[in-house]
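Written out below as structure tokens is the structure these notes cover.
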Amino acid sequence: MRLPVFKQELVTKSDFVTFWSSQYSYENEHLYDDNIGKELTEDRIWALFTWKNGGPLSGKKSASVKSNFIKDKTRIPAKRDEVFLGTYLDKPGGAIWRIFWLHCNHPHTYPIYDQHVHRAMAKMKEWKKIGIPSYNKDKVKMYIEQYLPFWDEFCEFSAKKVDEALWAYGKFLKSGYDFF
């Protein structure tokens, strides 16, 4: 009989990205792949937010997408601007969805930020509290001051693979197998 044992092994960034991105699985991934990096038509915007939501949007979320993203004509700068980010991300629509909207506009400039990638970063930085902040203002500050610099440490890798790796690792940590 073979019995499993889990152990922590410290690896290079490359090995981390390779291993954890291979563990990534997300329903309806085609909604992201088929629409990201292309002209943001209304249909593509709906598809991307459906992907981000993990399925169909509720009436309230649909109204938010329509008013805060489809109808909003704010130009998202292709180059990071902390002043713009601090102001823009604190508007209605929620910090996480506004960050995702930045990503939709410039996927290689603005990484996706959510509870899973936050948890991965916090664990890797050995923070005692690894949960994402509760309040939008705190999420915005965390994204700008902590997550973007952390993300930049992976600049030599595919942005999509890094996101997949961090998301999969963060989701694993949430599963209760956080024994490292």
Charge tally for neighbours of Asp114 with beta carbon under 13 Å away, counting Lys, Arg as +1 and Asp, Glu as -1, is +4
Any idea what angle helix 42-53 forms with the longest principal axis of the chain, computed on alpha-carbon atoms, 0 to 90 degrees, nearest 10? 30
About the Cα centre of the chain, what is the dipole size in debye to 20, counting +1 per Lys and Arg Cβ and -1 per Asp and Glu Cβ, all else neutral? 580
Helix 115-124 axis, angle to the chain major axis (alpha carbon atoms, nearest 10°): 40
Based on the alpha-carbon gyration tensor of segment 83-155 and its eigenvalue square roots a ≥ b ≥ c, which shape applies: rounded if a/c is under 1.5, prolate if not and a/b is larger than b/c, or oblate? oblate
For segment 4-51 and segment 127-170, what is the centre-to-centre distance using only Cα atoms, to the nearest Å? 14
Expected sort for Leu166, Leu57, Leu10 with the fewest Cβ neighbours (10 Å cutoff) up front is Leu10, Leu57, Leu166
Dipole magnitude of segment 27-73, debye to nearest 20 (Cβ charges: Lys/Arg +1, Asp/Glu -1, about Cα centre): 380
About its Cα centre, what dipole magnitude does segment 78-180 give when the only charges are +1 on Lys and Arg Cβ and -1 on Asp and Glu Cβ, stated in debye to the nearest 20? 300
Least to most buried among Trp20, Trp127, by other C-beta atoms within 10 Å and fewest first, runs Trp127, Trp20
Helix 159-174: inclination vs the chain longest Cα principal axis, degrees, rounded to 10, gives 60
Consider all pairwise Cα distances in segment 31-87 and report the whole-number % of them above 16 Å. 51
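Only the coordinates and a few stated rules stand behind these numbers; no lab work does. Keep in mind it's a predicted model, so treat the numbers as computed, not measured. So basically every Cβ, Gly included, is an ideal-geometry build from the backbone, and we count neighbours across all protein chains shown.
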